[in-house]
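Values in this text are rule-based calculations from the coordinates and carry no lab data. Note that the structure is predicted; figures quoted are calculated from it, not measured. No Cβ is skipped: glycine too gets one built from the backbone with ideal geometry, and neighbour counts run over all protein chains shown.
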Amino acid sequence: MNHLSHTEPFSLKKIGIFAHLSHTQRTQIENIGIIRSYSEGEVIFYEGDESSYFHFLIDGEVSVYKSSASLDTITIHHFHAPSLIAEVATLKQIPYPASCEAKQISVLLKIPRDPFLHLLQNDPSLSIALISSLTQKISALELALQRHTAPNAIAKVARLIRDDLFAFNRLKQIEIARLIGITPETLSRILKKLKIEGVIAHTKSEGITVLSDEILISYCG
């Protein structure tokens, strides 16, 4: 782990929540922040760990997931840089309710909770930016719950295509299947069905293109 310095190849200006800060304010964060690199598959924090830091994803991609009693994993959300991760738990000072894993080589900025909260108290605009991030997380969680409570597998796939088509163009099929709680084989079968019915076009090079919004929505349930 390395403390931030001005020689690092990352700039706080690239992180939206910090973009408006003055040079002095960014320097204050740099003085307390820690940069940590994670390799693909490395766990950033486990469900139940103490939430002492705010985590800002500077580069890469991570997934947040929960483990069930049967040891199956349920992917809650994928985050791409730049993103703020698990800030709710840190703000509430409760253990992380889910685990976080790097999906590729990723770089995170870790900021101790108490010094950062002190900065929030003195910068209303930063507080508003944090509230905006929380609102986005709530919306993402609501969509994830809608997908997992869909009446059947094809509704889960249709809802993900409707809500996050980009996911199909950036994730592997096994990751997509895990995201909506079905098997990769079922996902492949449903995509083939939708393609045959003319609902979507699906190629490895271009990913998925929706050809019929009306039929797709009818499958969402």
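The packing ranking, built from the mean of other Cβ atoms within 10 Å per residue, places the peptides 182-191, 93-102, 198-207 in the order 93-102, 182-191, 198-207, highest first. Tell me, how many Å apart are the Cα centres for segment 18-51 and for segment 165-221? One Cα centre to the other: 35 Å. Listed by Cβ neighbour count within 10 Å, with the fewest neighbours leading, H23, H77, H118, H55 appear as H23, H118, H77, H55. Given segment 42-118, report the % of alpha carbon pairs whose separation exceeds 18 Å. Across segment 42-118, Cα pairs with separations above 18 Å total 37 percent. Cα-Cα over 20 Å: which of K66/K110; K103/K156; K156/K192; K66/K193? Flagged as over cut-off: K66/K110; K103/K156; K66/K193. With the biggest extent put first, the Cα atoms of segment 158-220 measure 26, 24, 20 Å across the principal axes. Relative contact order for segment 150-219: 31 percent, from Cα pairs under 8 Å spaced at least 6 residues apart, divided by residue count.
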